[in-house]
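Right, one structure below, let's go through it.
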Amino acid sequence: MIALITGASSGLGREMARLLAARGYELILCARREERLRELAAELPVPCRIIAADVSDEQECRLLYEAVQSEELEVVINNAGFGLFGEFVTADLDEELRMIDTNVRDFVQRGRGYILNVSSSAGFLPGPLMATYYATKNYVLRLTEALREELRRAGSPVRVCALCPGPVDTEFNKVAGVRFSLSGLSAERVAREAVDGLFAGKAVVVPGAAMKAMTLARHFAPDSILARITYHFQHKKGAK
């Protein structure tokens, strides 16, 4: 059994690598930081193959695909991604495009097994001040749900799941340039719920009671109100 994890050098990717290793999966670990991947591989009790690549770069993304296409993958976890804080009209275009490439590219699919796409609770909401990030996470969520239905109708054994966490204690805050007003869940807890949900055949995994309540509550407010509420909380994030 072989699993591919992108964004495996830290946070959720690292914790999911540990969980899959405990289940006996051999791992293909992909991220930009090779040294961190080697440190992770050294602690895991299973064979690990390391591929240092930036999957936001189209050429490196294709090279990764070519490097693993001959492998008999059973699990693919599309975890690599990052966010940017700021008004859409003032954001750096190259960074926005690179983020979209990272967050929405589902670059490896097999005719069997499990695919986990890491989305976000942001995927349920409009996201002023992080407009592209929220939009890409909605793309990931809806793509996953649509693909899951297509596979179900085709009678495919492939299981596809979207992970939609709220704040998680990872390096995301530093990269995105924000600080959350809500307490984050541990990466270990979120990873465990994600892996358990994937193998249980769930379509969407929303860790934590607060985020579950939010996903239900959003049905009772129009999108225009949700956008104003989200702006309020996003503005507080950027206030340093």
- Query: At a Förster radius of 22 Å, what calculated FRET efficiency corresponds to the Cβ-Cβ distance of E66 and R23, to the nearest 0.05?
  - Reply: 0.20
- Note on the structure: If the label point sits 7 Å along Cα→Cβ of R228, residues of the stretch 127-152 with amide N under 19 Å come out as 127-130
- Item | Segment F199-A221, extension gain: residue separation times 0.36 nm, minus the distance between their alpha carbons | 4.6 nm
- Between R38 and R142, what is the spin-label point distance in nm, taking each point 7 Å from the Cα along the Cα→C-beta axis? 4.4 nm
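Just so you know, all these numbers are worked out from the coordinates, no wet-lab data involved. Not measured: the values here are computed from a predicted model. Counting neighbours? That spans all protein chains shown, and the Cβs are built from the backbone with ideal geometry, glycine included.
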